[in-house]
Amino acid sequence: QVVESGGGLVRPGGSLRLSCVVSGTRRVAHSMAWYRQLPGNERELVAHISSEDTTTYGDAVKGRFTISSDGAKLTGNLQMNGLRPVDTGAYYCYVEFLRDSYWGRGTQVTVSS
């Protein structure tokens, strides 16, 4: 099971820290990623961290968001700074194992004054 937390309402320019926890397994995951679905848009990649801790970010969030995780990729965070109204949407954690992968149910982030 993959569970996200930390979403909420924040003013423009503010920060939020999302967390992702994988339960029910002792396997080591291959990678962890955060995706988001903005209103009216398809789900898009926000950030990805590999088993070697190599990170990749979507162009819209580079320099503002930071992904981190434990070595097993079973807990992780997405630090979001400089939030903008266009960042409003549902944020999902995605965890990949060698043979399977899992999505969380998402956490809502709303950026508004």
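Contact order, relative form, for the chain: 38 percent (alpha carbon pairs under 8 Å, 6 or more residues apart, mean separation divided by residue count). Using the Karplus relation 6.51 cos²θ - 1.76 cosθ + 1.60 with θ = phi - 60°, the per-residue 3J(HN,Hα) values for the range 44-53 come to 10, 6, 9, 7, 9, 10, 8, 5, 8, 6 Hz, with x marking Gly and Pro. Which parts of the range 1-35 would a label at Ser51 reach, counting a residue when its backbone N lies under 13 Å from a point 7 Å out along Cα-to-Cβ? What the label zone holds, given the 13 Å backbone N cut-off, is 27-32.
Computed from backbone phi with θ = phi - 60° and the Karplus coefficients 6.51, -1.76 and 1.60, the 3J(HN,Hα) list for the range 83-99 is 5, 10, x, 6, 7, 4, x, 8, 10, 10, 9, 10, 10, 10, 9, 4, 10 Hz; x is used for glycine and proline.
Remark: spin-label model distance Ser23-Ala60 equals 3.1 nm, labels positioned 7 Å along the Cα→Cβ axis.
Accessible area per residue for the chain, computed on protein heavy atoms with a 1.4 Å probe, is 54 Å². Separation of the range 1-23 and the range 39-93, taken as the distance between their Cα centroids, equals 10 angstrom. Per-atom-type breakdown for the chain gives carbon and sulfur 48% of the accessible area (1.4 Å probe, protein chains only). Size of the chain from its Cα atoms: along the principal axes, largest to smallest, the extents are 42, 24, 22 Å.
Here the 3J(HN,Hα) profile of the range 9-26, calculated from phi with Karplus coefficients 6.51, -1.76 and 1.60 at θ = phi - 60°, is 9, 9, 7, x, x, x, 10, 9, 10, 8, 10, 9, 10, 9, 10, x, 8, 10 Hz, Gly and Pro shown as x.
Between Phe65 and Asn81, the built amide H atoms are under 5 Å apart, and every one of these is 5 or more places off in sequence or on another chain. As a calculated quantity, the FRET efficiency between Arg43 and Ser112 at R0 = 35 Å, using C-beta atoms, amounts to about 0.95.
The values are calculated or read from the model by the stated rules, or taken from the named source; none is laboratory data. Computed from a predicted structure; not experimentally measured. Positions of Cβ are backbone-derived with ideal geometry, glycine not excepted, and every protein chain shown enters the neighbour counts. Heads up: the accessible areas ignore ligands, DNA and RNA and are worked out on the full protein's heavy atoms, side chains in. Shrake-Rupley method; radii C 1.70, N 1.55, O 1.52, S 1.80 Å.
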